[in-house]
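First up is the structure itself, then whatever we jot down about it.
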Amino acid sequence: MHSPFKLGKTRESFSVKWNWFRIGVGAAACVIGVTLLAALGVAGAYIFLAPSLPSTADMRNVELAVPLRVYTRGGQLVAQIGEQRRIPVTFEQIPVHVRQAFLAAEDDRFFRHHGIDYAGVLRAAAVNLFTGNRAQGASTITMQAARNMFLTQKREWRRKLQEVFLTYRMEREFTKEQILALYLNVIFFGQRSYGVAAAAETYFGKSLADLTIGEAALLAGIPKAPTDMNPIASPQRARARRGYVVRRMHQLGFIDAAQAGEANAEEVSGKPNAPLHDVDAPYVAEMVRIELTSRYGEAALNAGYKVFTTIDSRLQAAANRALRLGLLEYDRRRGWRGPLAQVDVPPGTDEAGLNDLLVPYEPIGNIEPALVTEVAARSARVHVKGEGSAQIFWDGLSWAAPLGTDERRGPAPKSAADVLARGDVVYVVTNRERIAQLVQLPEAQGALVALDPDDGAIAALIGGFDYYTYRYNRATQASRQPGSGFKPFLYSAALDDGFTAASVILDAPIVMDDPSAETSWRPENSSREFSGPMRLREALVRSRNLVSIRILRDLGVDALIDYAARFGFPRESMPRDLTLALGTLQATPLQVATGFAAFANGGYRIEPYFIDRIENAAGEVVYRAEPKEVCAACGAPAVATDAPYLDAPAPLQAAASMRGGITQLPADRVAERIITAENAYIMDDMMADVIRRGTGRRANVLNRSDIAGKTGTTNDAKDAWFNGFSRDLVATVWIGYDQERSLGPGEEGSRTAVPVWVHFMREALKSVPQRTRPRPEGVIELRVSRGSGELATADDPYAISELFMVDHLPGSGAPHAPGTPLQPGDNGGSEPIF
């Protein structure tokens with residue numbers, strides 16, 4: 001028999017087990033129920049939120065906000081323009097140590113989890129629980145990429161669920177390498193910089209491939225708080241955050257102790273850097289920006305367009321150097337205006353301290369701020385901001401005679417102490433040997449534009465000494481009087497009207513009475529001298545104003561306006577009076593260069609352009625320039641032809657092939673002839689004499705026989721010009737003040753503008769063979785009397801050779817000695833003496 005006690009105990013044990021079983025079953029049921037509810041909830045949330053999530057196709061075709069990029073014709077980068085600085089890179093273009101820095105800082109388990117790091121979530125929860133704040137986050141790189149690429153930054157449950165769902169979708173559709181590359185392209189780094197490549201430029205002025213471990217670690221620390229932890233906003237916080245990243249890289253075995261020490265020892269600079277570029281052409285970049293927004297709207301600046309301009313990188317660099325050097329040389333002739341400031345330099349101040357004293361001063365163009373640290377008898381030592389010590393010898397100081405309040409130069413300095421003192425803040429230019437020249441920011445401004453005379457492609461353009469100081473493009477926006485630079489258009493009209501290069505016109509005083517004016521107009525030559533009867537060629541070579549006025553009086557003002565309009569000068573810009581002979585119209589340097597192109601190309605009208613082609617973000621060409629081009633062998637464009645294309649000459653075929661392989665020219669692409677080949681040839685030859693022996697003779701240092709041009713100086717020397725050309729290139733230089741005032745005594749086109757043109761063309765024509773234009777059949781060479789300009793007799797001792805159009809030949813006359821007065825009838829009666 002069983003004991004009642006044992007039987008009761010057994011029943012009690014069974015009851016307890018049954019109760020635990022029921023509890024277990026209930027708990028399991030609850031867990032299952034909660035899990036099912038949670039699953040249903042997640043499923044419901046997914047169904048609800050799915051329409052708001054980007055599709056797989058959308059994610060694969062995502063377009064980043066990429067700035068407009070401007071290039072030269074050869075593909076060198078000129079500028080990046082847009083609200084966001086971004087340089088897309090592939091995974092392979094990101095250096096290994098850069099990837100490792102971000103993994104150490106943000107998600108070291110990235111390659112081991114599937115988008116959500118549950119261990120990281122638990123760790124973050126524990127840290128936040130024990131610290132009492134939410135300092136520890138658990139977002140993975142995939143989650144951050146999803147958030148930054150496709151979602152908002154709002155802190156709400158809806159967005160968090162979207163982020164989770166999108167994270168799983170990304171992990172399923174993309175490789176880890178693709179996700180990491182996407183993250184490093186979209187993450188914000190402060191200072192308008194998106195993506196690690198743009199951040200490398202912004203904070204270090206480097207390309208991604210050149211970053212050190214310390215720089216990579218600093219960048220990896222920024223995304224946690226991009227506005228506050230970047231080195232420009234707070235170098236101290238950026239340094240501390242970098243230390244954390246370096247420590248994590250060491251702990252994870254990415255770097256060793258020595259590398260960690262070197263990385264932590266690197267200096268943290270708070271200096272912002274402009275986007276890297278290959279070619280300095282900001283005026284051209286701004287022209288592109290204006291054109292692109294005009295075509296496609298403001299959105300074009302962030303749509304990834306690539307614009308390939310007509311700029312030649314070598315010529316652009318030459319233009320920059322030439323104009324800046326010319327303005328600095330002119331400014332030196334004016335005199336020394338004194339230092340920018342005087343600061344106290346305590347003895348023993350180190351390089352960092354000297355740089356701190358120069359913080360308020362920035363480089364401008366090619367000149368750099370410097371601090372005078374030592375002054376000797378005829379030299380001085382300076383600290384150049386960010387570069388270190390340099391020496392200024394006497395030849396870099398001796399020019400600095402003080403400029404007086406009356407705008408006159410004072411006495412030349414006798415020692416360095418007459419110019420500089422310790423603590424002076426000045427500007428200098430330096431060379432590679434750390435030899436400096438004392439300079440100052442020019443008050444005058446200038447412009448240089450060069451273009452291809454055969455199709456109008458702008459090869460180089462600079463609109464001032466420094467774009468970032470004053471963004472006014474004088475090459476395209478400054479309408480100034482060309483002065484004597486307009487005379488070739490007048491003389492060309494005269495040749496068309498029956499004058500010849502040997503026509504004799506009187507260079508003598510003239511008084512013009514104007515009933516509407518209180519006083520008579522008494523024009524003068526710039527030399528205030530008169531030479532009497534003068535051949536047309538000599539009048540142009542010596543730029544005689546009074547001869548020009550007499551020619552215009554004979555031609556008629558309206559006739560000249562009609563004629564000059566052919567070259568592209570706006571009719572409304574030209575005054576309807578005889579002052580037009582002296583170039584009193586308003587024209588920009590680009591307009592003047594365009595006009596001179598007709599003399600360089602043999603008589604054709606071209607239109608300037610600066611955009612060669614435009615590509616969209618996908619690399620598709622959405623625009624390609626189709627300029628009208630010079631094609632002497634094509635004939636007049638109005639001639640009917642059965643063929644849709646006209647054969648182009650060999651030189652043009654070569655040029656066309658460079659622009660895209662076109663070897664034939666459509667009829668509507670042939671430039672219009674505006675003057676005869678004979679007229680253009682004689683004008684070219686006359687302007688070659690301007691350089692050989694006239695106002696442009698400073699250009700003879702180039703030792704070329706295939707260049708021609710014309711100087712220009714306006715009343716009171718407010719503008720100085722030189723417009724010159726070869727067969728292959730036209731270049732115009734203008735120098736003057738934005739607020740019009742005299743450049744000073746002796747500052748004319750021949751002295752102020754020609755040297756700039758020479759500096760530029762020396763580089764532009766380097767290794768370019770000399771190429772003179774063949775003489776047209778309609779031009780002949782005859783012997784004429786030097787004094788009368790008439791056909792010379794066989795025994796005339798004063799005979800010279802001159803060019804004539806076959807339908808405009810000189811008369812015959814007796815020998816006439818140059819410099820003696822002409823008597824009535826001495827010119828054979830074929831040309832008037834005005």
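The values are calculated or read from the model by the stated rules, or taken from the named source; none is laboratory data. The structure presented is a predicted model; accordingly, all values stated were derived computationally and were not measured. Here Cβ is always computed from backbone atoms with ideal geometry, including for glycine, and neighbour counts include all displayed protein chains. Heavy atoms of the whole protein, side chains included, go into the accessibility calculation; ligands, DNA and RNA do not. Shrake-Rupley method; radii C 1.70, N 1.55, O 1.52, S 1.80 Å.
Annotations
- Any hit, region 205-221, residues being at pLDDT below 90, within 24 Å of Val89 (Cβ to Cβ) and out of contact with any helix residue (DSSP H, G or I) (no Cβ under 9 Å at 6 or more places or on another chain): yes
- Residue check for Arg378: in contact with a Gly (Cβ under 6 Å, 6 or more places away or on another chain), among the charged types (D, E, K, R) and farther than 19 Å from Ala341 by Cα: no
- The set of residues in region 553-583 that are touching a Gly at 6+ places or on another chain (Cβ under 8 Å) and more than 25 Å from Asp716 (Cα to Cα) comprises Phe567, Gly568.
- The residues of region 260-295 that are open to solvent by less than 40 Å² (accessible area, probe 1.4 Å), in a helix (DSSP H, G or I) and touching a residue at least 60 places away in the same chain (Cβ under 8 Å), listed by number, are Pro282, Tyr283, Val284, Ala285, Met287, Val288, Leu292.
- Residue count for region 767-782 satisfying the condition of being part of a loop (DSSP other than H, G, I, E, B) and without any contact (Cβ under 8 Å) to a residue 60 or more places away in the chain: 5.
- Any chance Arg409 is open to solvent by 50 Å² or more (accessible area, probe 1.4 Å), touching a Leu at 6+ places or on another chain (Cβ under 9 Å) and free of Cβ contacts under 8 Å to residues at least 40 places away in the same chain: no
- Total residues in region 183-228 satisfying the condition of being free of Cβ contacts under 8 Å to residues at least 60 places away in the same chain and in a helix (DSSP H, G or I): the figure is 6.
- Residues in region 389-406 that are closer than 13 Å to Val429 by Cα and open to solvent by less than 50 Å² (accessible area, probe 1.4 Å): Ala390, Gln391, Ile392, Gly396, Leu397.
- Against the numbered list (1) part of a helix (DSSP H, G or I); (2) surrounded by fewer than 17 Cβ atoms within 10 Å (Cβ to Cβ); (3) modelled with pLDDT of 85 or more, Ala126 comes up short only at (3).
- Any hit, region 306-326, residues being open to solvent by 20 Å² or more (accessible area, probe 1.4 Å), under 30 Å from Glu215 (Cα atoms) and in contact (Cβ under 8 Å) with a residue 60 or more places away in the chain: yes
- Residue check, Glu329 modelled with pLDDT under 95 and open to solvent by 30 Å² or more (accessible area, probe 1.4 Å): no
- Residues in region 461-489 that are crowded, with 24+ Cβ neighbours inside 10 Å and in a helix (DSSP H, G or I): Arg474, Ala475, Gly483, Ser484, Gly485, Phe486, Lys487, Pro488, Phe489.
- Within region 584-610, if we keep just the residues that are open to solvent by less than 10 Å² (accessible area, probe 1.4 Å) and in contact with a Leu (Cβ under 9 Å, 6 or more places away or on another chain), the residue that is nearest to Ala717 (Cα to Cα) turns out to be Pro589.
- None of Arg741, Arg704 is over 27 Å from Leu580 (Cα atoms) and open to solvent by 10 Å² or more (accessible area, probe 1.4 Å) except Arg704.
- Some residue of region 354-371 being under 27 Å from Leu77 (Cα atoms), of a type in the set (S, T, N, Q) and either surrounded by fewer than 17 Cβ atoms within 10 Å (Cβ to Cβ) or touching a helix residue (DSSP H, G or I) at 6+ places or on another chain (Cβ under 6 Å) (or both): yes
- Within region 527-541, the residues that satisfy the criterion of being surrounded by fewer than 19 Cβ atoms within 10 Å (Cβ to Cβ) and either aliphatic (A, V, I, L, M) or in contact (Cβ under 8 Å) with a residue 12 or more places away in the chain (or both) are Phe530, Ser531, Gly532.
- Selection from region 340-351 of residues that are assigned to a loop (DSSP other than H, G, I, E, B) and over 19 Å from Asn366 (Cβ atoms): Val343, Asp344, Val345, Pro346, Pro347, Gly348, Thr349, Asp350
- Sole exception among (1) more than 21 Å from Tyr330 (Cβ to Cβ); (2) open to solvent by 10 Å² or more (accessible area, probe 1.4 Å); (3) assigned to a helix (DSSP H, G or I) for Met687, by number: (2)
- Test for Asp454: is it of a type in the set (D, E, K, R), out of contact with any Ser or Thr (no Cβ under 6 Å at 6 or more places or on another chain) and touching a residue at least 24 places away in the same chain (Cβ under 8 Å): yes
- Region 797-827, subset assigned to a loop (DSSP other than H, G, I, E, B) and at pLDDT 85 or above, residue least open to solvent (accessible area, probe 1.4 Å): Pro810
- Selection within region 726-739 - over 20 Å from the mean Cα position of the chain (by Cα) and touching a residue at least 60 places away in the same chain (Cβ under 8 Å): Ser726, Arg727, Asp728, Gly736, Tyr737, Asp738
- All positions within region 246-259 that are assigned to a helix (DSSP H, G or I) and either surrounded by fewer than 18 Cβ atoms within 10 Å (Cβ to Cβ) or without any contact (Cβ under 8 Å) to a residue 60 or more places away in the chain (or both): Val246, Arg247, His250, Gln251, Ala257, Ala258, Gln259
- For region 296-305, the tally of residues that are free of Cβ contacts under 8 Å to residues at least 60 places away in the same chain and either in a helix (DSSP H, G or I) or among the polar types (S, T, N, Q) (or both) stands at 3.
- Ala656 meets the conditions (1) within 23 Å of the chain's Cα centre (by Cα); (2) modelled with pLDDT under 95; (3) crowded, with 18+ Cβ neighbours inside 10 Å in every case but one. The failed one is (1).
- For Asp280: the one exception among (1) over 11 Å from Leu461 (Cα atoms); (2) at pLDDT below 95: (1)
- In region 432-444, the count of residues that are touching a residue at least 12 places away in the same chain (Cβ under 8 Å), surrounded by fewer than 22 Cβ atoms within 10 Å (Cβ to Cβ), among the acidic types (Asp, Glu) and part of a loop (DSSP other than H, G, I, E, B) is one or more.
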